[in-house]
C-alpha cells in the first residue's frame, strides 16, 4: 500500500516535471475521468446488470447465487477480443453497459478514452486480500486512482507437444527456430510484439529494452524484424482459444504461445501436451472489472465486483476458466476444490520478485511512463502487425 | 391523379424506403467514412478533424496493403469463377433434365444449407481440412499422400466456394429456366451440335444470371473476415481483417474508413460492369 | 432432348454437388453426438448427453427466440420497403437510378464490421438504447436489398401490356395492383423473403454491434465456438434448425418456381 502511494507520488512528480518540458501540449497525462468522485457507499440494487465480458466469466455456478442474493439480473454480452470490448464501451458504454472485464491491453485505452471511471476500493472488502501487485497495477491504476478492480490473471505460456519435445523446452527460441517451420502458432494479436521484445531484452541486451510495452522506434523495429523472420514458420495465427486447441489436437502444430486454458482443455481430451514458462520470462494478461462512465446500474456493478472478489468465487472462476486469482486467500479454496491446483496455477506466488518475471499487458502509449514521448503507440503496433502477417 | 404526374409516383413509392435508408444507414455510414479524410492524434488517439489524404497515401504506397487487397480480390474472383463452373451444370440439370418433382426437391436441397449457421459450416470445414481431418484420413486410407490443405489460402478458397454456392445456383437456375426450348430446337435445326448450341445460345442467355449470382459471391467474399480467421494460414489477411484490427484499441477509425472505401470502389466498378452485362435483368 | 451420355454426366455432377453441399452438414449432425467438446477426427466417442443439455440451456432458447423475432420483423419491414423501392425504380427513369441501385447493394458489399460500427455510433449518438429494435434495423438494411433485387428482377420480366390491358378494361390503379401485379410478383416476394430471413437468421457481425443484452443465435454460436466448452450444443441446435426448416423450405421451393412455373414455351 505504502509502496503504491510512493510510486503514485513519484509518478505525479515526474508527470508534473515532464509535462512542463513538452511543447506539443497534445498529451493528457490525466485521464478524462480522473476527477470523477466514485460513490462512497453501495445503495439499493437496480435489479439489472449489463456486462461486457469474456466468454465463461459469468458462469451459472457463481452468477446464479449472485442474482439470488442481490436481485441483480445479469445481461451478458460476451466479446471475442479486446478490440471488440473497446468498441462496445465507446462513449462511456453508451448508457447501455455497466462493466467490462477488460484485459491489460485494453485498459489504458478505456481509461484515457474516458470510457471508464474511478472505482472506490473501500467498497470492496476483499481488495485488502489481493496480492500487492494487483492492488495498484500500472494498467488500471494511474496516479493512485483506481479505474477498476483486478480480477484474475494468467501467463502467456509456451505450449508444446510432449511427443515432439520429450524434454521440456527452456527457451522461447523454439518458436523462432526454423527447424519447426510450419509447426508453430502464436496469437493473432499485435500485443505479441511485446513477447518478441521480451525475448530480445534477454537475448539482445544491447537494445536496452526495459519494458516490452514501451519501446523506442529502434527497439520496436528490432522486435518487428524478429516477428517478420518468424512469419514463414507460422502455420496459423490463432485468434480464438479453440483455434489453438484444434491446431494441437489435429497435429497441425507442435509448439506455440498459449494460455493455461488451452493446456487444460487439451489435457482433458487426452492430447500429449504440456506448458512451461521459459527462462526469458513471459508476458501475462490480467483482467480488470471496470465501471463504465455512463453505467446505468452502478450499485449492482459494485455488488458484482464485491462478489467476484471473494475468495470462494475467485477460486471457482479460476478453476472454471483456467486462470489465476488475485485474491491471496483463494489458494486454500482452490486446494479444497481440486487438490494441487493452487500450485498448478501459480496462485501460491506472493512475492514481488515472481511478479517481476511476468510482464503484464498494458496498452502501449506514445507517452512513456517516464514522461518522454518517443514510445511507439498502439496504432503503430497494429500497422506493424499487419505488415508482419502480410 | 397519380397517373397524370409520372414523376410523383416513383417519388411517393421511393420515399419510405429511401427515407429509412438515408436517415439511418447512409447517414451513419457517411459520418464514419468521412473520417477517412481525417487522422488520429498519436498521443491522445482521438480523431483530429484535419483534412488530409494521409490514410489513402499509406494504403497506396505500402506494399502490404496492395498484397492484402490483391489477395482479397483474387480469392473473391476465384470463388466467383469456381461457383459459376460448379453451378452451371447443376442448374442445367435442374432446369432442363430433371422432372418437376426432382426440380422442387433439388431447389429445396440447395436452399437448405443456408439454414445451417455459416459459423457451424465453416467450423465443419476445419474438421475436414486439418492435418488429421476427414480429407487427409480419406486420402491416406486409400494410399494417397495427405493434402495438407488446412490453414492455407486454398482452404479459404474452398470454404468460400462452398458457403456461397447456393447464391450462385439459384439465379443461374432461374435464368436457365427461362431459356425457351424452341431456341435450342432451332439451333439444332440449323445444324449446331449440342455443345455448340449450349455455348452459342444458352450461355449468352444465362450470362446475366451468372453475373447476378457473382454479385453475391464476389461482394460477400470481399467483405468477409471470419473465414480468414478460422481457416486461413499465416498470410491470409483480408481487407475486413485489417479494418477490424484498426477499430478498437488502436482507435484508428480514419484508417479503417479509408480502407473500407476500397471494397466500395471495387463493387461500384463491378456493379457497373454487371449492369452493362444485363445482370439486373436476371436477379 | 440431351444425349444419353450428357444426361448421365449431368446426373453424376448433380450428385457430386449435392455431396459437396451436404457432407459438412452431415458432419454437423454426426458431431452432435461427440463425447468430447473438441472436434477431432475420428470422433472420440458417441453420446446423447448434449441433446438434453441443449434442451435445458436457457441461453439457447432465448437466443433462438430473439433470432426468430428479429428475422420475422426485419423480413416484414424489408418486404414492404423493398417492394416499394423496386416498384419505384422499375416504373421510372430518372437520373441517379443506377446510383440508387448501388446504394441498395452497399450493405452486402461493405465489410459487415463497418455497417455495425456505423449503426452503433448512430444509435449511441442519438441515445437510442440497443435492443431488439436496433437489431431489426441492422438486419433490415441488407434484407431490403434481397427483396428489392428479387422483386425488381421479376418486375422487369413482367409484361407492361398486361397492366395496360387491365386498365383498358376499366380497372383502377388499386385493382390493377391487387389483381394483376401482385400475383405476378408474389413468387419473387416469397423467394426474396425467404432469402432475407435466411440472411438475417445467420448474421453475426452487424448484430454484435447492434445488439444490447440480447443474443441472437449466431452470436450465441460464435461465443460457443470461441469458448469451446459447449461446442457440441452448437451442433445440436444447428441440426435441430435444419430439420425443422426442411418442410417450410420444400413448400417455399414449390411456391417460387422450383418446378412450379412452366418453362417458357416460346421466345418473345
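When you go through C:86, C:53 one by one, which is the residue that is under 30 Å from residue C:195 (Cβ atoms) and either under 26 Å from the mean Cα position of the chain (by Cα) or assigned to a helix (DSSP H, G or I) (or both)?
Exactly one residue qualifies, and that residue is C:86.
Taking the range B:139-177, which residues are more than 14 Å from chain A (Cβ to nearest Cβ) and surrounded by fewer than 17 Cβ atoms within 10 Å (Cβ to Cβ)?
Result: B:139, B:141, B:142, B:143, B:144, B:145.
Can you confirm whether the range B:189-198 contains a residue that is at the interface with another protein chain (Cβ under 7 Å from one of its Cβ atoms), closer than 22 Å to residue C:116 by Cβ and assigned to a helix (DSSP H, G or I)?
Checked against the condition, which is being at the interface with another protein chain (Cβ under 7 Å from one of its Cβ atoms), closer than 22 Å to residue C:116 by Cβ and assigned to a helix (DSSP H, G or I), the range B:189-198 yields no hits at all.
On the given criteria, is residue A:25 in contact with a strand residue (DSSP E or B) (Cβ under 8 Å, 6 or more places away or on another chain) and modelled with pLDDT under 90?
Judged against the criteria, residue A:25 is not a match.
Regarding the range A:228-238, can at least one residue be identified that is in contact with a strand residue (DSSP E or B) (Cβ under 7 Å, 6 or more places away or on another chain), in a helix (DSSP H, G or I), on the phi < 0 side of the Ramachandran plot and touching a residue at least 40 places away in the same chain (Cβ under 8 Å)?
Yes; the residues of the range A:228-238 include at least one that is in contact with a strand residue (DSSP E or B) (Cβ under 7 Å, 6 or more places away or on another chain), in a helix (DSSP H, G or I), on the phi < 0 side of the Ramachandran plot and touching a residue at least 40 places away in the same chain (Cβ under 8 Å).
If residue A:64 satisfies all but one of (1) surrounded by 21 or more Cβ atoms within 10 Å (Cβ to Cβ); (2) more than 15 Å from the chain's Cα centre (by Cα); (3) not in a loop (DSSP other than H, G, I, E, B), what's the number of the condition it fails?
Going through (1) surrounded by 21 or more Cβ atoms within 10 Å (Cβ to Cβ); (2) more than 15 Å from the chain's Cα centre (by Cα); (3) not in a loop (DSSP other than H, G, I, E, B) one by one, residue A:64 breaks only (1).
Taking the stated definitions as given, is residue A:348 in a loop (DSSP other than H, G, I, E, B), over 28 Å from residue A:274 (Cα atoms) and at pLDDT below 90?
Criteria not met by residue A:348.
Cβ-Cβ below 8 Å, separation at least six or inter-chain, first residue in the range A:60-83 and within 11 Å of another protein chain (Cβ to nearest Cβ), second surrounded by fewer than 20 Cβ atoms within 10 Å (Cβ to Cβ) and part of a strand (DSSP E or B): which pairs?
Once the first residue is within 11 Å of another protein chain (Cβ to nearest Cβ) and sits in the range A:60-83, its partners that are surrounded by fewer than 20 Cβ atoms within 10 Å (Cβ to Cβ) and part of a strand (DSSP E or B) give A:73/A:48; A:75/A:48.
Quick one: is residue C:209 surrounded by 22 or more Cβ atoms within 10 Å (Cβ to Cβ), within 11 Å of chain A (Cβ to nearest Cβ) and more than 22 Å from residue C:25 (Cα to Cα)?
yes
For the range C:237-268, how many residues are more than 21 Å from the chain's Cα centre (by Cα) and either more than 7 Å from chain B (Cβ to nearest Cβ) or modelled with pLDDT of 90 or more (or both)?
Number satisfying all stated conditions: 3.
Go over the candidates A:382, A:326 one by one and state the one that is within 14 Å of chain B (Cβ to nearest Cβ), within 18 Å of the chain's Cα centre (by Cα) and crowded, with 20+ Cβ neighbours inside 10 Å.
Residue meeting the stated conditions: A:382.
Mind telling me which of the residues B:271, B:205 ends up being assigned to a helix (DSSP H, G or I), farther than 29 Å from residue A:234 by Cβ, free of Cβ contacts under 8 Å to residues at least 60 places away in the same chain and within 8 Å of another protein chain (Cβ to nearest Cβ)?
Among B:271, B:205, only B:271 is assigned to a helix (DSSP H, G or I), farther than 29 Å from residue A:234 by Cβ, free of Cβ contacts under 8 Å to residues at least 60 places away in the same chain and within 8 Å of another protein chain (Cβ to nearest Cβ).
To keep it simple, each residue is scored yes or no on (1) facing another protein chain (nearest Cβ under 8 Å); (2) buried (at least 17 other Cβ atoms within 10 Å of the Cβ).
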residue: B:20; (1), (2): yes, yes
residue: B:25; (1), (2): yes, yes
residue: B:50; (1), (2): no, no
residue: B:72; (1), (2): no, yes
residue: B:76; (1), (2): no, yes
residue: B:104; (1), (2): yes, yes
residue: B:117; (1), (2): yes, yes
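Which one is nearest to the other protein chains (Cβ to nearest Cβ) among residues in the range A:110-125 that are buried (at least 24 other Cβ atoms within 10 Å of the Cβ) and part of a helix (DSSP H, G or I)?
So, considering only residues that are buried (at least 24 other Cβ atoms within 10 Å of the Cβ) and part of a helix (DSSP H, G or I), the one nearest to the other protein chains (Cβ to nearest Cβ) is A:112.
Looking at the range A:351-369, which of its residues are more than 14 Å from every other protein chain (Cβ to nearest Cβ), in contact with a strand residue (DSSP E or B) (Cβ under 8 Å, 6 or more places away or on another chain) and in a loop (DSSP other than H, G, I, E, B)?
Across the range A:351-369, the qualifying residue is only A:357.
For the range A:129-174, what are the residues that are touching a strand residue (DSSP E or B) at 6+ places or on another chain (Cβ under 7 Å), in a helix (DSSP H, G or I) and buried (at least 22 other Cβ atoms within 10 Å of the Cβ)?
A:134, A:172
Considering only residues that are surrounded by 24 or more Cβ atoms within 10 Å (Cβ to Cβ) and not in a helix (DSSP H, G or I), which ones fall in the range A:80-102?
The answer is A:89, A:96, A:97, A:98, A:99, A:100, A:102.
Out of everything in the range C:214-228 that is more than 20 Å from the chain's Cα centre (by Cα) and more than 7 Å from every other protein chain (Cβ to nearest Cβ), what residue ends up being modelled with the highest pLDDT?
The selected residue is C:224.
Need the failing condition index for residue C:43 against (1) in contact with a strand residue (DSSP E or B) (Cβ under 9 Å, 6 or more places away or on another chain); (2) part of a loop (DSSP other than H, G, I, E, B); (3) crowded, with 18+ Cβ neighbours inside 10 Å, just the number.
All conditions are met except number (3).
Residues B:88, B:56: which one is closer than 15 Å to residue B:161 by Cβ, assigned to a helix (DSSP H, G or I) and either touching a strand residue (DSSP E or B) at 6+ places or on another chain (Cβ under 7 Å) or more than 8 Å from every other protein chain (Cβ to nearest Cβ) (or both)?
B:88
State which residue is surrounded by the most Cβ atoms within 10 Å (Cβ to Cβ) when the search covers only the range B:237-257 and only residues that are within 8 Å of another protein chain (Cβ to nearest Cβ) and part of a loop (DSSP other than H, G, I, E, B).
B:249
Spot the failing condition for residue A:213; the list is (1) touching a strand residue (DSSP E or B) at 6+ places or on another chain (Cβ under 8 Å); (2) not in a loop (DSSP other than H, G, I, E, B), and only one is missed.
It is condition (2) that residue A:213 fails.
Considering only residues that are away from chain B (no Cβ under 13 Å), in contact with a helix residue (DSSP H, G or I) (Cβ under 7 Å, 6 or more places away or on another chain) and under 21 Å from residue C:144 (Cβ atoms), which ones fall in the range C:37-83?
C:66, C:69, C:70, C:73, C:75
Conditions tested, residue by residue: (1) within 8 Å of chain A (Cβ to nearest Cβ); (2) outside any helix (DSSP H, G or I); (3) buried (at least 24 other Cβ atoms within 10 Å of the Cβ); (4) in contact (Cβ under 8 Å) with a residue 24 or more places away in the chain.
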position	(1), (2), (3), (4)
B:209	no, no, yes, yes
B:213	no, no, yes, yes
B:233	yes, yes, no, yes
B:267	no, no, no, yes
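Based on what the data block shows, is residue A:317 within 14 Å of chain B (Cβ to nearest Cβ) and either surrounded by fewer than 21 Cβ atoms within 10 Å (Cβ to Cβ) or in a helix (DSSP H, G or I) (or both)?
no
Residues that are within 11 Å of chain B (Cβ to nearest Cβ) and surrounded by 24 or more Cβ atoms within 10 Å (Cβ to Cβ): list the helices (runs of 4 or more DSSP H) wholly contained in the range C:100-190 that include at least 2 such residues.
C:112-125, C:132-157
The values are calculated or read from the model by the stated rules, or taken from the named source; none is laboratory data. None of these values were measured; they are calculated from a predicted model. No Cβ is skipped: glycine too gets one built from the backbone with ideal geometry, and neighbour counts run over all protein chains shown.
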